[in-house]
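Just so it is clear, none of the values below were taken in a lab; they were calculated from the coordinates. The model shown is predicted, which means the values in this text are computed figures rather than measured ones. Virtual Cβ from ideal backbone geometry, glycine too; neighbours counted across all protein chains shown.
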Amino acid sequence: MVAFGRWIDAHGHLADVRWDGQQDTIIEEARTKGIHFFMQGGVGPEDWDRQKELHKKYPQHIGLCFGLHPYWIVDHDEDQCEQALDMLARRLPEAMGLGEMGLDFRPHIMKDSQDRQITMFEQQLELAHISSKPMVLHLVQAHEQSLTIMDLFGIPQQKGMVHSFNASWGKAQDFLKRGLFLSVGGPVCRPENQKLHQAVKEIPLEFLLIESDSPDQAPPAYKGRLNPPESIWEVAKTIGELKSLDPLEILDITTGNFHRLFGSTNEILVPAKGV
């Protein structure tokens, strides 16, 4: 069992500008609830810089993750994307993970970026093959396209995780067959989300992670506010109910899974006062 106070939020965005001035408070609140490590999701070069500043302040608690998010790609042209990709290759050794990377084909998100998204996804897959960094995948309304591309380029030896998995058991199996972990967040707490509930019941525990995606995707208990990392307790409770396990056991198991994927963080984690 993992010692109380060493649980992990597998994906969030504490460097998001919406949290500016509040990070001290939300990190301490999470630590008092036993959550001590916060893996970030990369967006683009500006976000990587903000992550590094946060990491300097909390080196024992922040996991760096650099990548070109589909959202960033949508807002930048081909030349800007290529320049950022070159920068990513140089800066990736500083990070624990490569991402967010992937495809988001929702029409209101995609606009005219489909070809750029595909090109950047392919190039980041190539970068994953030559690096030692697990992937953090953002895949939305692009299931078949993403599988085709990953099968063409091959899944890197370091594997990776599908962040904010929110789909059927059939789609979960497609990722599991390729050795990918599935990270589940706030959407599983919605009572009407039966498709995801059925998938979570079937997903093997050894391939499951939990995340906040802070400050987004708040569970119902946090509706109307920025979503803090501590909300993974709500995720763990719901998954525990679905799998007939104590939420503490879910937190222990998913923390162990994170270590298997990204490497141990035990040597840099220290308990908070009173935890």
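About its Cα centre, the dipole of the stretch 7-266 is roughly 680 debye, where the only charges are +1 on Lys and Arg Cβ and -1 on Asp and Glu Cβ.
Note on the stretch 91-159: Rg/Rh from Cα positions, Kirkwood definition for Rh, rounded to two decimals, is 0.97. Please list, by residue number, everything in the stretch 220-254 whose backbone N is under 15 Å from a paramagnetic label point 7 Å out along Cα→Cβ of residue 169. Correct set: 242-244.
A simple rule links phi to the HN-Hα coupling: the Karplus curve 6.51 cos²θ - 1.76 cosθ + 1.60 with θ = phi - 60°, which for the stretch 238-250 gives 5, 4, x, 4, 5, 10, 6, 10, 5, x, 4, 5, 4 Hz, with x for Gly and Pro. Among 95, 34, 152, pick out the residue whose Cα is farthest towards the positive end of the charge dipole of the stretch 7-266, where Lys and Arg carry +1 and Asp and Glu carry -1 on C-beta, about the Cα centre. Toward the positive end, the furthest listed residue is 34. Extension gain, residue 90-residue 246: 0.36 nm per intervening residue step, less the Cα-Cα distance, totals 51.9 nm. Here 254, 265, 148 are placed in order of increasing Cβ neighbour count within 10 Å, fewest first, which gives 148, 265, 254.
Database remark: amide H of residue 210 closer than 5 angstrom to the amide H of 10, 184 (H placed geometrically; neighbours at sequence offset of 5 or more, or on other chains; Pro and chain starts carry no H).
Sum up the charges of everything whose Cβ sits under 10 Å from the Cβ of residue 160, counting Lys and Arg as +1 and Asp and Glu as -1, but leave residue 160 out. Its environment carries a net charge of +3. Segment residue 205..residue 22, full-extension length gain: 62.5 nm, with 0.36 nm per residue of separation and the alpha-carbon distance subtracted. Computed over the stretch 7-266, relative contact order equals 18 percent, with contacts defined as Cα pairs under 8 Å that lie 6+ residues apart. The alpha carbons of the chain stretch over 50, 41, 37 Å along the principal axes, in descending order. In the stretch 1-121, Cα pairs under 8 Å separated by at least six residues give a relative contact order of 24 percent. Report, in listed order, any pair from 133/177; 195/237; 33/133; 171/201; 56/159; 57/133 with a Cα-Cα distance greater than 25 Å. With Cα atoms farther than 25 Å apart: 33/133; 56/159. For residue 119 and residue 198, a Förster radius of 41 Å and the Cβ-Cβ distance give a FRET efficiency of 0.70, rounded to the nearest 0.05. Take every pair of alpha-carbon atoms less than 8 Å apart whose residues are at least six positions apart; their mean separation over the length of the stretch 43-92 yields a relative contact order of 43 percent. In the chain, the DSSP-assigned H stretches of four residues or longer account for a calculated mean residue ellipticity at 222 nm of -13000 deg cm²/dmol, using -39500 (n - 2.57) per stretch and the full residue count as denominator.
In terms of surrounding Cβ atoms within a 10 Å radius of their Cβ, 259, 55, 13, 129 rank from fewest to most as 129, 259, 55, 13.
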